Amino acid sequence: MYMRFKRYSTNMASSKNKLTGFLKWIASGWMLILFFVLFFLFWEYSIPLFDVPRYILPAPTEIVQKGSADIDKLIYYTGVTGLETIIGYAIAIILGLGFGIAISFSSILRRTLYPFFVSIEMTPKIAFAPLFISWFGFGLLPKVIIVVLVCFFPIVLNAILAFNSLSNELTLFHRSTGANPLKTFFKIRLPAAMPQCFVGFKYAAINATVGATIAEFIGSDQGLGFYISIVTGNMRPDLAFAGIFFLTLLGLSLFGFVTLMEKILIPWHISMKRINK
Amino acid sequence: MDQFIKIKSLKKVFGEGEDEVHAFGPVDISINSGEFVSVLGPSGCGKSTLMLMMAGLLEPTSGEISFDNKSVDGPKNDIGIMFQDNTLVPWRTVEGNIKLQLELRNLNLSDYKDKIFDILKSVKLEDFANRYPPELSGGMQQRAAFCQAMIHEPNTILLDEPLGKLDAMTREKIRSDIQNLWMINKPTVVFVTHSIEEAVQLSSRVILISPRPGVVDREINIDLPYPRDLEVKKSNKFYEYVYEIQEVFHEYGVI
Ligand SMILES: Nc1ncnc2c1ncn2[C@@H]1O[C@H](COP(=O)(O)OP(=O)(O)OP(=O)(O)O)[C@@H](O)[C@H]1O
Ligand SMILES: [Mg+2]
């Protein structure tokens, strides 16, 4: 009974914390919202004020207006680009984690593949895009490959860092128990590595939409990158901005999803950060 | 009594060439089964190094360690170790951290249900079983780490400054807990500490280590009755031991 009461009271306390946390978030969010409102108001009213031609820069209201007329296409293309992004990102996570773990645990790979990856990291991966298009055509495949390429490196390099930085005392601790490597991996190494892995996942999430868009600029017949390059060529910056808006939405959703996964998979890490503040 | 732990010309040198650090030894120590031995010495004299070598977690440069005539040639899994830095993981609660020790050792969790509660209660952490380590104070973390190190009921225990981060009052309390635990089960305990009083209060024998490279300066048998409560601590004999040890370290210039 006593225990139950205890638990109940701690739950109360934590939901109260959540509430004040939410209020704080709103309070700090107001500044940002206000900034956005002012930004768009300035944009809207400076166009007639400075007599900017609409084929150079349209006003936000016009972008919304013209964009909604083209909404079916925009949504469909968001789906196309989104699919390329998500497939590429997912493959990059699987490959990045796989190679990251393999390199962390094999001294041979650490002396061969690791320096190889570090040196490739220096080349701008996006420069390969035209080659991939010429090899694999206009379809989904070259875009996915390019997304994988721009996402893979931050993931693999952070994973290597993550799996190699187990603290000295935890290493001694698991060795003292005589636990087998598999058990040690799942109960100690993997959870300890997760926070640093998520640094890579987040960085890659930002890269992912950039990779898909540039790949579409170079050669495609659908997707938001394709849409933006076509309408820009037709002197329709209003529609280009509408496309950019949907791309931003796509990028934000992916990043938001990864942040949510971090909260769900390693809640202890976020609460640790909060306490250390 | 049989000599349970035997340490023969044990020496540790870290690094090579210019980076060489002669950390410890050569040292000979023997410890009987059921003894409570304190290892006392200034910072950097190699106490932790000695502990890690005894636990089979660090290879000696030369010399040998044996437990019950079996020489140590790899990590020893049948002992309990409390490391100087705590080994609590942030992704598990206090209770989860204690279970981690059992899980890694393939022990059956259900056999230890009551024991987990009992040991938490003995260090007054029973209300914090469901808290995560970052939510605890430094002293509470150290008490939780103590529970984690002891839960599998080892009969040889190596403790590396287990009370280092505790406040004076809790320190006093845990000292008597450790003493009770030792008096009931009579495990062999090797207890590393900086505190002269702590060493005299708890141990049947104190081993004094010189500054780096640490060698055994002398061993002092503490001939005081157990349990060593406040009454014993107030006695002249207790203080004679404390002064004797203080003098040794005074000569080294460490106090
Ligand atoms: N991995 C290592 N590499 C190089 N030198 C080391 C290493 N570990 C310890 N040393 C050196 O060995 C000496 C003894 O270290 P140790 O940690 O055993 O001291 P200690 O007696 O436990 O000190 P404290 O009381 O401060 O914990 C120190 O001079 C230290 O710098
Ligand atoms: Mg030490």
**Request:** Please report the relative contact order for chain B, taking Cα pairs under 8 Å with a sequence separation of at least 6, and give it as a percent rounded to a whole number.
**Result:** 25
**Asked** List for the stretch A:165-179: residues with 40 Å² or greater reduction in accessible area, all protein chains versus chain alone, probe 1.4 Å?
**Response** A:Glu169, A:Leu170, A:Leu172, A:Phe173, A:Arg175, A:Ser176, A:Thr177
**Prompt:** Which of the GluC sites (Glu not before Pro) found in the stretch B:1-55 are loop residues per DSSP with 12 or fewer other Cβ atoms within 10 Å of their Cβ?
**Reply:** B:Glu16, B:Glu20
**Ranking by accessible area, most exposed first, for A:Asp51, A:Asp70 with a 1.4 Å probe** = A:Asp51, A:Asp70
**Request:** State the answer as a single residue: which of A:Ile56, A:Val37, A:Ser68 lies farthest towards the positive end of the charge dipole of the stretch A:15-74, with beta carbon charges of +1 for Lys and Arg and -1 for Asp and Glu, about the Cα centre.
**Result:** A:Val37
**Complete:** Sorted largest first, the Cα spans of the stretch A:38-169 on the principal axes come out in Å as 64, 41, 24
**For the protein assembly as shown, fraction of C-alpha pairs farther apart than 37 Å, in %** = 50
**Fill in**
B:Glu247 and A:Asp72 label points (each 7 Å along its Cα→Cβ direction) are spaced in nm at 10.2
**Request:** State the number of lysine pairs found in the stretch A:62-275 whose Cα atoms come within less than 22 Å, restricting to pairs 8 or more positions apart or on distinct chains.
**Result:** 9
**Prompt:** In square angstrom, rounded to the nearest 10, how much accessible surface does B:Tyr226 have for a 1.4 Å probe?
**Reply:** 70
**Complete:** By accessible area (1.4 Å), largest first, B:Met54, B:Met169 order as B:Met169, B:Met54
**Fill in**
The ³J(HN,Hα) series, computed from each phi in the stretch B:240-255 with the Karplus coefficients 6.51, -1.76 and 1.60 at θ = phi - 60°, rounded to the nearest Hz and given as x for glycine or proline, is 4, 4, 4, 5, 4, 5, 4, 4, 4, 6, 5, 4, 6, x, 8, 10
**Message:** Per residue, how large is the accessible surface of the protein assembly as shown? Use a 1.4 angstrom probe and give square angstrom.
**Reply:** 53
**Complete:** Among B:Ser9, B:Asn32, B:Gly56, the residue whose Cα sits farthest towards the positive end of the charge dipole of the stretch B:1-58, when +1 is placed on the Cβ of each Lys and Arg and -1 on the Cβ of each Asp and Glu, is B:Asn32
**Residue (of A:Leu239, A:Val210, A:Met261) at the positive-pole extreme of the stretch A:172-277, dipole from beta-carbon charges** = A:Met261
**Asked** Could you give the dipole magnitude of the stretch A:62-275 about its Cα centre, charging the beta-carbon of Lys and Arg +1 and that of Asp and Glu -1, in debye to the nearest 20?
**Response** 980
**Request:** Take each complete run of DSSP H in chain A, measure how far its Cα atoms stretch along the helix's own axis, and keep only those covering 27 Å or more with mean Kyte-Doolittle hydropathy at least 0.0; list them.
**Result:** A:2-50, A:71-105, A:140-164, A:190-218, A:237-265
**Complete:** The value for chain B (convex hull of the alpha-carbon atoms, volume per residue, Å³) is 141
**Item:** Built amide H within the under 5 Å cut-off of B:Asp217, gap 5+
**Value:** B:Leu208, B:Ile209, B:Ser210
**Request:** Work the Kirkwood hydrodynamic radius out for chain A: mean of 1/r over every pair of different alpha-carbon atoms, inverted, in Å.
**Result:** 22.2
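Rounded to the nearest 500 deg cm²/dmol, what is the calculated helix-only ellipticity per residue at 222 nm for chain A, with -39500 (n - 2.57) per DSSP H run of length n ≥ 4?
-28500 deg cm²/dmol
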**Asked** At a probe size of 1.4 Å, how large is the accessible area of B:Arg218, to the nearest 10 Å²?
**Response** 100
**Asked** Going down the list B:Lys6/B:Lys121; B:Lys124/B:Lys233; B:Lys99/B:Lys121, which pairs span over 26 Å between their C-alpha atoms?
**Response** B:Lys6/B:Lys121
**Prompt:** Average projected area of the Cα convex hull of the stretch B:80-140, in nm²?
**Reply:** 4.3
**Message:** Could you compute how much accessible surface B:Phe249 exposes when probed at 1.4 Å, giving the result in Å² to the nearest 10?
**Reply:** 10
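Helix-only mean residue ellipticity at 222 nm, chain B, DSSP H runs n ≥ 4 weighted -39,500 (n - 2.57), per residue, nearest 500. What is it?
-10500 deg cm²/dmol
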**Request:** Scan around B:Gly164 for amide H atoms under 5 Å from its own, H built in the peptide plane at 1.01 Å from N, and keep only partners 5 or more places away or cross-chain.
**Result:** none
**Asked** Between chains B and A, what is the buried accessible area summed over both chains (1.4 Å probe, protein heavy atoms, nearest 100 Å²)?
**Response** 2200
**Item:** Accessible-area order (highest first, 1.4 angstrom probe) of the listed residues A:Met122, A:Met261, A:Met194
**Value:** A:Met122, A:Met261, A:Met194
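The values are calculated or read from the model by the stated rules, or taken from the named source; none is laboratory data. Worth saying up front: this structure is predicted, and the values here are computed from it rather than measured. No Cβ is skipped: glycine too gets one built from the backbone with ideal geometry, and neighbour counts run over all protein chains shown. Only protein heavy atoms, including side chains, enter the accessible area calculation; ligands, DNA and RNA are left aside. Shrake-Rupley method; radii C 1.70, N 1.55, O 1.52, S 1.80 Å.
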